[in-house]
């Protein structure tokens, strides 16, 4: 099997470690294989891929798209290292408002699957980082929303107390005031 799948403290958020084949020339690894992912419960089809480059201390997030254009994401760091966070936004979930945080890096090659119903954000730990993520829905500006990165109710221990933020990311509301239409459904 080319991947190892681990359920996080929120079981729907999955940490994925690819099998890496290294030799004197470099390495080879599969980064996605539909049959393997589907066998582990990740059955969505990815329809868009995004790539960002950011400098140390940059925080992007916490972002999500509301239904009907809610996005699941498969995130990985192509270069550098990031502190990657997923927040459960599904009203009625026993995990509502709880977070999963994972370090993703070019070195560890780890990936994180963030399902629909979760906000996502990351902070760059290394001098620079390049991040790629595939999404299950295309970007839809009318469905875009977010939660402020430092909402005390979330208790996220970001690596920087004063990260570099976009004006938009500085202005998101707290979770209690966020525009969120996600509902928890058992088995979702």
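The values are calculated or read from the model by the stated rules, or taken from the named source; none is laboratory data. None of the values given here were measured: they were computed from a predicted structure. For neighbour counting, all protein chains shown are included, and Cβ atoms are generated from backbone atoms with ideal geometry for every residue, glycine included.
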When residues of the range 105-134 are filtered for being part of a strand (DSSP E or B), within 17 Å of residue 87 (Cβ to Cβ) and over 10 Å from the mean Cα position of the chain (by Cα), how many remain? 1
With respect to the numbered conditions (1) outside any strand (DSSP E or B); (2) closer than 17 Å to residue 65 by Cβ, which one is the sole condition not fulfilled by residue 160? (2)
For the range 13-40, what are the residues that are assigned to a loop (DSSP other than H, G, I, E, B), more than 14 Å from residue 73 (Cα to Cα) and under 21 Å from the mean Cα position of the chain (by Cα)? 19, 30, 33, 40
What are the residues in the range 154-165 that are out of contact with any helix residue (DSSP H, G or I) (no Cβ under 7 Å at 6 or more places or on another chain) and buried (at least 16 other Cβ atoms within 10 Å of the Cβ), if any? 156, 158, 159, 163, 165
When you scan the range 40-51, do you find a residue that is within 16 Å of residue 125 (Cα to Cα) and modelled with pLDDT of 95 or more, even just one? no
Conditions (1) touching a helix residue (DSSP H, G or I) at 6+ places or on another chain (Cβ under 8 Å); (2) part of a loop (DSSP other than H, G, I, E, B) -> residue 87 fails only (2)
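Yes or no, residue by residue, for (1) under 29 Å from residue 44 (Cα atoms); (2) buried (at least 20 other Cβ atoms within 10 Å of the Cβ):
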{"position": "95", "(1), (2)": "yes, no"}
{"position": "99", "(1), (2)": "yes, yes"}
{"position": "103", "(1), (2)": "yes, no"}
{"position": "139", "(1), (2)": "yes, no"}
{"position": "149", "(1), (2)": "yes, yes"}
{"position": "152", "(1), (2)": "no, no"}
{"position": "167", "(1), (2)": "no, no"}
{"position": "170", "(1), (2)": "no, no"}
Picking from 5, 46, 27, the residue that is more than 24 Å from residue 153 (Cβ to Cβ), in contact with a strand residue (DSSP E or B) (Cβ under 9 Å, 6 or more places away or on another chain) and surrounded by fewer than 16 Cβ atoms within 10 Å (Cβ to Cβ) would be 27
